[in-house]
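Since the structure comes first, as structure tokens, the remarks are kept for the end.
Since every read-out is calculated from the coordinates, none of them should be taken as a lab result. Bear in mind the structure is a predicted one, so any value in this text is a computation, not a measurement. All Cβ positions, even for glycine, are placed from backbone atoms using ideal geometry, and neighbour counts span all protein chains on display.
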Amino acid sequence: MTRTESLPGRLALMAAHCAGMVDLVALPVWVGTLISRYGLDPQQAGLLATLFLAGAVLASATLAPRFSRLPSRTVSTAGFTASALAFWGLSSTDTFSTMALLHAVAGVATGAALSVTHGTIARSANPHRQFALVGTALGVFAIAFLGATPALVAEAGGPALFLVFASVMAFAAVACALAFPEAEAAGRTADTPSPLPPPQPLPRAVWFGIAGIAAMGLVQSMTFSFLERVGSDRDFGMAAVTGVLIALGIVDLFPAPLAALLERRWPARRVLLTGPVVQALLVVVIMNATQFAPYAAAASVFAAVMIFTHTFAFGLLARMDTSGRSMAATPAMLMTGAAIGPIFGGTLVKAFGYGSLGLAALAIGALAVLCFSRIPPVTPATLPEQVLA
């Protein structure tokens, strides 16, 4: 029986988090490939990504309330296996209706697996630190994916992207089958077993936190979906834009471990109030830059803001809801916004141009700040001792 604090358990959670959060890394290449290799317009490409994310939302919202009763290893293994098969199917078709169906199926399967992954992380002895650990793994994955996949797609064509996705999901399925850990009761260590407590109603502040993360997810996905396209359409050059994506992956190595180091030094609420503002300002720069330097600088740190802020949000909300249910709904809270983002962003770009994304980001960022402001102040000094251990 694998524990979350064991090396095999942590490695399985890392693999599952990287596969489940593939959209946070892959959206620029994903949407860009659908446009450049399959001939879709921004709205159509955004719709396919939205179908994947909407499927993940549906699965997460359905499973999260039942998290404590689910066989997590079975769900995660089956989910990633089904997702791998769906992406493999996508590599052999260019029919839009078939692609739409398979995107939705992959989303449902991935969302189910990711839901039990995040619920299990939330029930670990220190959810903030554990989430930072899997976030660091996502940064390593981002470097490998963004460094290799654009060149692979350029050489082998659009189907290569979906074969990469299928391989990532298959690897996660094997890791989960071998070592996915058992969820632990909140507030205990891996060596002191105890039954899961009965679920209680979610605190009202948790719902505001969920809404704030969903709003940031919307800004993240609507911008990230067109990060590669805006650079290409402004003639910055394929090599330069690919270099920015690689730099983005390297930068993504740092926000999660930095969040872990600052857990006891920076109040989580302050981070949550600042994150959406920085995120929105970066979107304004990315989507309005006519020179490569400001575009590159803003784009390279864009995803890091979401990773850093979400690590603090995950740790804070996991302590406010010890049942693990709200964090099992992490895919739903992230991907509710993210599911709207590609189609919303594609519609704005098609109708009003890239600059409209900056204005939308400012408005949505203000909504996120309003939601986070409803979370009561929590300082590091007030954290339970077992959380800081």
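Over the chain, what is the mean sequence separation of C-alpha contacts under 8 Å (at least six apart), divided by residue count, expressed as relative contact order in percent?
30 percent
When N counts the residues of region 252-317, how does its alpha-carbon radius of gyration compare numerically with 2.2 N^0.38 Å, as a ratio? Don't jump to the answer; show the numbers that get you there.
On the way: Rg = 12.9 Å, N = 66, 2.2 N^0.38 = 10.8 Å.
Region 252-317 yields a ratio of 1.20.
For region 253-326, what is the relative contact order in percent, using Cα pairs closer than 8 Å and at least 6 residues apart in sequence? Before the final figure, lay out the partial values.
Numbers: 46 pairs, mean separation 30.5, N = 74.
Normalised by residue count, the contact order of region 253-326 is 41 percent.
If you fit an axis through the alpha-carbon atoms of helix 127-156 and take the longest principal axis of the Cα set of the chain, what angle between them do you get, 0 to 90°, nearest 10?
Approximately 20 degrees, to the nearest 10.
Kirkwood hydrodynamic radius of the chain from all distinct Cα pairs, in Å?
Working: mean 1/r = 0.0490 Å⁻¹.
Kirkwood hydrodynamic radius for the chain: 20.4 Å.
Principal axis lengths of region 1-139 from Cα atoms, whole Å, largest first?
That gives 48, 29, 22 Å along the principal axes, largest extent first.
Determine, for MET21, MET320, MET14, the number of other Cβ atoms within 10 Å of each Cβ, and report the residues in order from fewest to most. Present the calculation step by step, with values, prior to reporting the outcome.
Numbers: MET21 27, MET320 16, MET14 21.
Sorted ascending by nearby Cβ count, the order is MET320, MET14, MET21.
Could you state the angle between the C-alpha long axis of helix 96-122 and the longest principal axis of the C-alpha atoms of the chain, as a value from 0 to 90 degrees rounded to the nearest 10?
30 degrees
So what is the orientation-averaged projected area of region 21-79, using the convex hull of its C-alpha atoms, in nm²? Don't skip to the answer; put the middle values down first.
Details: hull surface 19.4 nm².
Approximately 4.9 nm², given one-decimal rounding.
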